[in-house]
Amino acid sequence: SDCSYREADLSRFLVEKEDYHGIRFSYKEYKNLRGSLAGECQIANLATALEVIRTLNALGISVPETAVRKGLEETRWPGRFTFLMEHPVFLVDGAHNEDGVEKFVETAVHFQKDYPLTLLFSAVDDKDYTDMIRTILGKISFHHVIVTQVGGYRKVPAEKLAEIFREKGCPTAEACEDVEEAFKKALAAKGEDGMLFCVGSLYLVGEIKTLILQGVGK
């Protein structure tokens, strides 16, 4: 039997404003919506979700626009471009493999026009961290790069990672073995007007979350 389908139309997705808090956008009849998830890959996800809601409404299953707006504004995805603290600090736990790094780069590249970017990076030894670093530096110019080490027996020495950053075009990359010290250095390097991205390992994101809960950086 035939089965009809609907397809999200990204040409009808208009981003009106984008910053580290998320985006303000319109999609078809939905105007001036606010989404709390930052990230280039979220555009297709948002358009798809709204197309599902449009389909439900067409089938007689009513989803009020107030519910749509509330759902978009309150949606959180911890670790995926999670905004923390008073000044922009992002924990990006999706960027611990090549595909995740590419998605991180697609989003972060938009911010470098308006903000000085700082990177706090670490990786473990079962990841292709050389390619990760090459991909990150291929499109993003960081004002500061701090490299640390995490993961216990799987750790990659901070100096080894920093050396790869230097070889791939970031001569000022700094190694700092202690995660707390590295985080404090990265926050200081970021300053009040910049953005800090903590990228490359789930272990790193977990440790930084703990430090923030303990009040480090306030």
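Are there any pairs with C-beta distances below 7 angstrom linking a residue in segment 168-196 that is within 14 Å of THR118 (Cα to Cα) to a residue that is of a type in the set (Lys, Arg) and in a helix (DSSP H, G or I), with the two at least 6 apart or on different chains, and if so which?
Going by the 7 Å Cβ cut-off, the qualifying pairs are ALA173/ARG166; LEU196/LYS190.
What are the pairs with Cβ atoms under 7 angstrom where one residue, in segment 98-109, is more than 17 Å from CYS198 (Cβ to Cβ) and the other, located anywhere, is among the acidic types (Asp, Glu) and open to solvent by less than 80 Å² (accessible area, probe 1.4 Å)? Sequence gap at least six, or different chains.
Going by the 7 Å Cβ cut-off, the qualifying pairs are GLU98/ASP131; GLU106/GLU40.
Condition first: open to solvent by 60 Å² or more (accessible area, probe 1.4 Å), without any contact (Cβ under 8 Å) to a residue 60 or more places away in the chain and either part of a helix (DSSP H, G or I) or among the polar types (S, T, N, Q) (or both). Can you find one or more residues in segment 121-135 that meet it?
yes
Do you know which residues across segment 138-157 are hydrophobic (A, V, I, L, M, F, W, C) and under 13 Å from LEU119 (Cβ atoms)?
ILE140, PHE142, VAL145, ILE146, VAL147
Which pairs do you get when a residue that is more than 20 Å from ARG24 (Cα to Cα) and open to solvent by 40 Å² or more (accessible area, probe 1.4 Å), found in segment 41-60, comes within reach of a residue that is part of a helix (DSSP H, G or I) and modelled with pLDDT of 85 or more, reach meaning Cβ atoms under 7 angstrom, with the pair 6+ apart or on two chains?
That search, which allows pairs on different chains as well, returns nothing.
Out of the residues in segment 161-207 meeting the condition of being modelled with pLDDT under 85 and in a helix (DSSP H, G or I), tell me which one is least open to solvent (accessible area, probe 1.4 Å).
Out of the qualifying residues, it is VAL205.
Take the residues in segment 140-153 that are of a type outside the set (Phe, Trp, Tyr) and open to solvent by less than 50 Å² (accessible area, probe 1.4 Å); name whichever of them is nearest to the chain's Cα centre (by Cα).
Step one: list which residues in segment 140-153 are of a type outside the set (Phe, Trp, Tyr), which gives 140-141, 143-152.
So of that shortlist, the ones also open to solvent by less than 50 Å² (accessible area, probe 1.4 Å) come out as 140, 145-151.
Values: ILE140: 14, VAL145: 16, ILE146: 17, VAL147: 18, THR148: 19, GLN149: 20, VAL150: 19, GLY151: 21 Å.
Restricting to residues being of a type outside the set (Phe, Trp, Tyr) and open to solvent by less than 50 Å² (accessible area, probe 1.4 Å), the top hit is ILE140.
State all residues of segment 187-203 that are under 20 Å from HIS144 (Cβ atoms) and over 14 Å from the mean Cα position of the chain (by Cα); if no residue qualifies, say none.
Selection gives LEU187, ALA188, ALA189, LYS190, GLY191, GLU192, ASP193, GLY194.
The values are calculated or read from the model by the stated rules, or taken from the named source; none is laboratory data. Source: prediction; values computed, not measured. FYI the Cβ positions are ideal-geometry reconstructions off the backbone, even for glycines, and counts take in every protein chain you see. Keep in mind that these areas ignore ligands, DNA and RNA; they rest on the heavy atoms of the full protein, side chains included. Shrake-Rupley method; radii C 1.70, N 1.55, O 1.52, S 1.80 Å.
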